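Beneath this line is the structure, given in structure tokens, with notes to follow.
The values are calculated or read from the model by the stated rules, or taken from the named source; none is laboratory data. As the structure is a computational prediction, the values presented were derived from the model and not from experiment. So basically every Cβ, Gly included, is an ideal-geometry build from the backbone, and we count neighbours across all protein chains shown. Only protein heavy atoms, including side chains, enter the accessible area calculation; ligands, DNA and RNA are left aside. Shrake-Rupley method; radii C 1.70, N 1.55, O 1.52, S 1.80 Å.
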Amino acid sequence: MVFVGSDGRLTVPTAVKIVIAGGFGTGKTTMVGSVSEIPPLKTEELLTEAGVHVDDLAGIEGKDTTTVALDFGRITINTKVVLYLFGTPGQNRFWFMWDELATGAIGAVVLVDTRRLDSSFPSIDFFEHRGIPFVVAVNCFDGAQLYTVDEVRHALDLDDGIPVVLCDARDRESSKSVLVGLIQHSMNRLEAAV
Amino acid sequence: MTAREDWWYDEAAGPLVRPYAMVRGRTRPNAPDLHLVTQVRASSFASDQTSLTVEHREIMALCARPLSVAEVAAYLDVPLVVVKVLLSDLIERGDVIVQNSSPQIPDRDLLQAVLDGVRGI
Ligand SMILES: Nc1nc2c(ncn2[C@@H]2O[C@H](COP(=O)(O)OP(=O)(O)OP(=O)(O)O)[C@@H](O)[C@H]2O)c(=O)[nH]1
Ligand SMILES: [Mg+2]
């Protein structure tokens, strides 16, 4: 591990992140909140009215802007490492944010609601195409466990290598075990690559 | 005050007014790479703060402990693009230290540390 950023007396920790993705209303914010040590925070990116990302303030005075919010939580691993959990924005059209979120991430949890499986297709496509490790977590909304893990795997056309687990995003232990599964999956992928 | 300066404080002009006022439309072409999780922290050699704006000083207070750029933006309640400009000012002055690397995929040891940490919460 390399720790950069220092004034001789102070250093900053190494930051790592995990993306919590999935379709609209699948429980992303709920999962972030159930494992985070702080109540989920919100941060906003600026967009022009046309939906273009504003990454430079020059020349935008007087133009109409709007914002897209990201929510995130934090787990302090130790004095040298801090983990951030980012929920993706509900609307899939803000792909520029997904790129920023995915860069350097340990991996992603794709939350799935079996009543609306298709709403998580774009998330799965995104991580598959970028070769980012991910696990699929089926959020068991009350009485909505309509399918088995194998049926979900088949319906989502997932490779055998992609872990699929059942979870309750409101439950801390359940969400924790999803994260543990993802980190182990990332470690296995890393080992397989060398 | 010119009409142009008035505009900065015109409530009717929408959500851009306050952020724009804070940074006066400045950009930082040579600024360090600031990502969502980039860690920043107030330097122990911080210079005289009397010339700083309220927002800069708020950031200095927040960063008494290490925080990510995203956390600073959330606590300050301003868009990321604005907080990046403010942070760049402070980094340039040497008042804030920064993790000067873009996010990299963690190696095995780091993943193991994160795994142990998550198991332990
Ligand atoms: N019964 C049940 N309800 C849940 C569960 N997870 C989330 N919910 C509820 O489902 C709703 C949506 O959850 P959110 O966490 O806001 O979902 P989200 O994915 O962040 O939603 P968007 O950001 O709007 O896409 C909320 O009312 C939650 O309380 C779960 O595991 N079981
Ligand atoms: Mg949400």
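List of remarks:
- Of all residue pairs spaced 6 or more apart or on separate chains, those with beta-carbon atoms under 8 Å, a first member in the range A:86-110 that is open to solvent by 30 Å² or more (accessible area, probe 1.4 Å) and a second member that is away from ligand 1 (no atom under 15 Å from the Cβ) and modelled with pLDDT under 90 are A:93/A:51; A:96/A:53; A:103/B:102; A:103/B:103.
- Selection of the range A:80-99 for residues being touching a Pro at 6+ places or on another chain (Cβ under 7 Å) and more than 16 Å from ligand 2 (Cβ to nearest atom) yields A:80, A:81, A:82.
- Test result for residue A:193, small (Gly, Ala, Ser), open to solvent by less than 90 Å² (accessible area, probe 1.4 Å) and within 16 Å of ligand 2 (Cβ to nearest atom): no
- For the range A:27-44, filtered to residues that are within 9 Å of ligand 2 (Cβ to nearest atom) and open to solvent by less than 30 Å² (accessible area, probe 1.4 Å), the residue that is modelled with the highest pLDDT is A:32.
Quick grid of which residues meet (1) more than 7 Å from chain A (Cβ to nearest Cβ); (2) under 25 Å from the mean Cα position of the chain (by Cα); (3) buried (at least 24 other Cβ atoms within 10 Å of the Cβ):
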{"site": "B:68", "(1), (2), (3)": "no, yes, yes"}
{"site": "B:71", "(1), (2), (3)": "no, yes, yes"}
{"site": "B:75", "(1), (2), (3)": "yes, yes, no"}
{"site": "B:116", "(1), (2), (3)": "yes, no, no"}
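- Being touching a helix residue (DSSP H, G or I) at 6+ places or on another chain (Cβ under 6 Å), at pLDDT 90 or above and more than 10 Å from chain A (Cβ to nearest Cβ) is a description that applies to residue B:62.
- Any hit, the range A:133-142, residues being open to solvent by 80 Å² or more (accessible area, probe 1.4 Å) and either of a type in the set (Lys, Arg) or farther than 19 Å from residue A:33 by Cβ (or both): no
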